[in-house]
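These notes are about the structure you will find just below.
The values are calculated or read from the model by the stated rules, or taken from the named source; none is laboratory data. All figures in this text were calculated on a predicted structure; none of them were measured in a lab. Positions of Cβ are generated from backbone atoms using ideal geometry, with glycine treated the same way; all protein chains shown enter the neighbour counts.
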Amino acid sequence: MRKLIFKLLLLLLSLFTIVQIIKQQVPFYYGDGVFKCKYNDLLKLHDRYEVFFVGSSHVNRHINTPLFSEITGKSAFNLGNGGMECITSMYHLEHISQLAYFPNLKYVVFHLNEPVNPINDKNLSSIKARYGIDNTRFSFAMRYFYARGQFNHMKNYVYAYITNLFSIGQLKALIFNSEEACKFSYTDKQGYLPYIMVEENQFQINYKKKKGTHLMKGHQFITKDKNPNITKADNILIKELERLEELFAAKNIQLIILVPPNKNFHHKAPQFKSLYMGDGKRNPSYFDVNYRYNAGHLNSEGADIYTKKLAVKFKALLQ
């Protein structure tokens, strides 16, 4: 029995060693095809950009970086991607902070939509959802979701971490990553991928018909609590962001937190440089169905309005 256990452990150790050697040969973003394409396009012009935007589809679809660059005079690249939520974004942020490829980079803007979104049960088999769960992200996730009492999420991260350690279901992506073809170049629009609309879509038609209004929930929101209760989970998130901020500061790069409409992280952590995109009452276009592609995303016209407001706030922050 002892010999069997020893052989099993030896096999696991050998597998782990082989996987780690393979991982050293691929880029840190091997598990996300879209981010890979964006990042490789970015590297072609690595000395051009002063500003990076990092986050989910709310960066990818909402921030028109060519327009932002035109207004601010700061050349920007959009590194957003659908489904790239907080923990994966922080994984990318840490890797970017350790690289020396970007000599003109001065600002990294991180779209923070908290509370932190977990890996849901339906996404546990997805490489994209798991590949960024390294030791640091696993430790953060366990502490954060424990503090929130979300034990099912902890279970999911244990599964994601273990399967990621041994690259279970990921070997094909690891071995053939370099051969994946990108569908198109992201350089023309500086990483921005808009939802372009030329006419009213079915979502807009159905919403107006069902609700009897073109305004979505949240359009009347006004921030009342400027001294919010800061939870233990909030403090865990704040400390992780402070750590990332220090990593960037060592390279003379400022980490800026982008707080979406109707969120209050800027009140919870005023020590960070932040861009709050406004309460719904003062930002009606964000909740106007006419500027939406679907319930979760702006169309290109809405993105332009959002980007103009963001650019003005960014310029004011730097003054």
Criterion (in contact with an Asp or Glu (Cβ under 9 Å, 6 or more places away or on another chain) and modelled with pLDDT of 95 or more) met by exactly one of 192, 161, 186, 144: 144
Considering only residues of segment 4-52 that are among the polar types (S, T, N, Q) and part of a loop (DSSP other than H, G, I, E, B), which is surrounded by the fewest Cβ atoms within 10 Å (Cβ to Cβ)? 24
Is segment 137-155 home to any residue that is under 24 Å from the mean Cα position of the chain (by Cα), of a type outside the set (S, T, N, Q) and not in a helix (DSSP H, G or I)? yes
Filtering segment 60-107 down to residues that are farther than 16 Å from residue 30 by Cα and among the charged types (D, E, K, R) yields 61, 70, 74, 85, 106
Among (1) over 30 Å from residue 100 (Cα atoms); (2) in contact with a strand residue (DSSP E or B) (Cβ under 8 Å, 6 or more places away or on another chain); (3) not in a loop (DSSP other than H, G, I, E, B), which single condition is residue 219 missing? (3)
Out of segment 251-280, which residues are of a type outside the set (Val, Ile, Thr), in contact (Cβ under 8 Å) with a residue 12 or more places away in the chain and not in a loop (DSSP other than H, G, I, E, B)? 254, 255, 258, 265, 267, 268, 273, 274, 275, 276, 280
For segment 215-249, give me the residue count where each residue is under 22 Å from the mean Cα position of the chain (by Cα) and within 20 Å of residue 137 (Cβ to Cβ). 16
Residue pairs, Cβ under 6 Å, 6 or more apart or interchain, first in segment 145-160 and under 17 Å from residue 134 (Cβ atoms), second among the basic types (Lys, Arg) and buried (at least 18 other Cβ atoms within 10 Å of the Cβ). List them. 160/130
Segment 209-231 residues that are over 15 Å from residue 287 (Cβ atoms) and surrounded by 11 or more Cβ atoms within 10 Å (Cβ to Cβ), paired with ones that are modelled with pLDDT under 85 and not aliphatic (A, V, I, L, M) (beta carbon under 6 Å, 6 or more apart): none
Segment 100-136, residues that are within 27 Å of residue 65 (Cα to Cα), touching a helix residue (DSSP H, G or I) at 6+ places or on another chain (Cβ under 7 Å) and assigned to a helix (DSSP H, G or I): 129
